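Visitor: Attaching a single structure in structure tokens format; questions to follow.
The values are calculated or read from the model by the stated rules, or taken from the named source; none is laboratory data. In this text the structure is predicted, and so the values were computed from the model without any measurement. Using ideal geometry, Cβ is built from the backbone for each residue, glycine included, and neighbour counts are taken over all protein chains shown. Ligands, DNA and RNA are stripped out before the accessible areas are found, and what is left, the full protein with its side chains, is counted by its heavy atoms. Shrake-Rupley method; radii C 1.70, N 1.55, O 1.52, S 1.80 Å.
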Amino acid sequence: MPSDPSPVLNPLQPTGLPAAGSPTVAKGSEFDATKARKQSTLILRRFFRHRLAVAALVVFLLICAFGFLGPLFWTVSVEDTRSRGYLPPSGAHPLGTIQTGKDMLAQLIVGTRLSVQIALVVALGSTLVGVVLGALAGYLRGAVDSVISRFTDLMLIIPQIAVAAILVRALSGSWYTVAFILAAFAWMTIARITRGETLSLAQREFIEAARAAGAKTRWIIFRHLVPNMVGTITVNTTLAVATAVLSEAALSFIGLGVQSPDTSLGLIINENYSQITNRPWLFWGPFVIIVLLSLAVNFIGDGLRDAFDPRQTKVRA
């Protein structure tokens, strides 16, 4: 009698599920074991699943495009004073003119570009100083740690905005002077965070192995410690951008930041805040850009924090 060619079903095996021992892979999952994965790929995948962070990134890029590419499309000179002052919005001047007759849209483009430049210089400069000092303090410990930590504490109790305003006034009001002075007062937080991370990482086995192999301090710090803190460093750098935007705007608003012929969003608000009732577009234009910049960078930082966190299993947005 011929045997039944159909496969024998295991009554203990649920229908539709793979047999024991066969690989179970969720299609499109970041945990697909059949594909080689890079950490950068997983980080990007987690970030782009954070919808609010992706939307914030788009807003930030649009603001940057407005500031850096705007002059290619709007060719009116920021120094052109041939028009009458306080003209209402029109085809020739979409956002009207300020008191001196300068085109408000041209002012806004230049102000956005310089404010973003200041924020990026402050964030990168403060991150560089903070990471180096924090890593040295956490790894070398002893007297080096004491000196760096006490100096950091001293800098934290200094009224930063007041001292920065005095220094800007004494030196010059150019945008790069404002950026470097703000960077000099923005590195302390990331230095303390980096020191704490370094104290923890310095006890790990791979650092002990590097020491046993005779690696120099510089090699251990910059090739082993700092790469393992890249997530924390990146998140704090994005937050430093938002802080720098607000700090620059505050200084320029009180007239102690960027000075003419340079301009910034804070300086534009300073020059036009008295028109908030009669000509509100002169005030709300730069104000809205400052708010959008700060919010966008903060949400990007949230997305990066979730993406770099290896314990993160789901995205909240």
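Visitor: Anything in the stretch 196-209 that is crowded, with 17+ Cβ neighbours inside 10 Å and either in contact with a Phe, Trp or Tyr (Cβ under 9 Å, 6 or more places away or on another chain) or part of a loop (DSSP other than H, G, I, E, B) (or both)? List them, or say none.
Guide: Thr198, Leu201, Ala202, Ile207
Visitor: Can we say Phe66 is modelled with pLDDT under 95 and under 26 Å from the mean Cα position of the chain (by Cα)?
Guide: Spelling it out, it is not the case that Phe66 is modelled with pLDDT under 95 and under 26 Å from the mean Cα position of the chain (by Cα).
Conditions tested, residue by residue: (1) surrounded by fewer than 17 Cβ atoms within 10 Å (Cβ to Cβ); (2) touching a residue at least 40 places away in the same chain (Cβ under 8 Å); (3) assigned to a helix (DSSP H, G or I).
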{"site": "Gly130", "(1), (2), (3)": "no, yes, yes"}
{"site": "Val147", "(1), (2), (3)": "yes, no, yes"}
{"site": "Thr152", "(1), (2), (3)": "no, yes, yes"}
{"site": "Val163", "(1), (2), (3)": "yes, no, yes"}
{"site": "Gly173", "(1), (2), (3)": "no, yes, no"}
{"site": "Ala179", "(1), (2), (3)": "no, yes, yes"}
{"site": "Ala183", "(1), (2), (3)": "no, yes, yes"}
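Visitor: Oh, and also: Kindly indicate whether any position in the stretch 49-58 is open to solvent by 20 Å² or more (accessible area, probe 1.4 Å), in a helix (DSSP H, G or I) and among the β-branched types (Val, Ile, Thr).
Guide: Checked the stretch 49-58: at least one residue is open to solvent by 20 Å² or more (accessible area, probe 1.4 Å), in a helix (DSSP H, G or I) and among the β-branched types (Val, Ile, Thr).
Visitor: Can you tell me which residue among Asn228, Asn278, Asn236, Asn298 is at pLDDT below 95, farther than 24 Å from Trp187 by Cα and either open to solvent by less than 20 Å² (accessible area, probe 1.4 Å) or not hydroxyl-bearing (Ser, Thr, Tyr) (or both)?
Guide: Just one listed residue meets the conditions, Asn278.
Visitor: Do we have Leu42 as more than 17 Å from Ala307 (Cα to Cα) and in a helix (DSSP H, G or I) here?
Guide: So Leu42 fails the test.
Visitor: Of the residues Ala244, Ala250, which is under 30 Å from Asp103 (Cβ atoms) and buried (at least 19 other Cβ atoms within 10 Å of the Cβ)?
Guide: Ala244
Visitor: Still on this structure, please answer the following. For residues that are of a type outside the set (D, E, K, R) and not in a helix (DSSP H, G or I), scanning just the stretch 99-128, find the one that is most open to solvent (accessible area, probe 1.4 Å).
Guide: Within the stretch 99-128, the match that is most open to solvent (accessible area, probe 1.4 Å) is Gln99.
Visitor: Only residues that are surrounded by fewer than 22 Cβ atoms within 10 Å (Cβ to Cβ) and free of Cβ contacts under 8 Å to residues at least 60 places away in the same chain: list them for the stretch 89-98, please.
Guide: Within the stretch 89-98, Ser90, Gly91, Ala92, His93, Pro94 meet the criteria.
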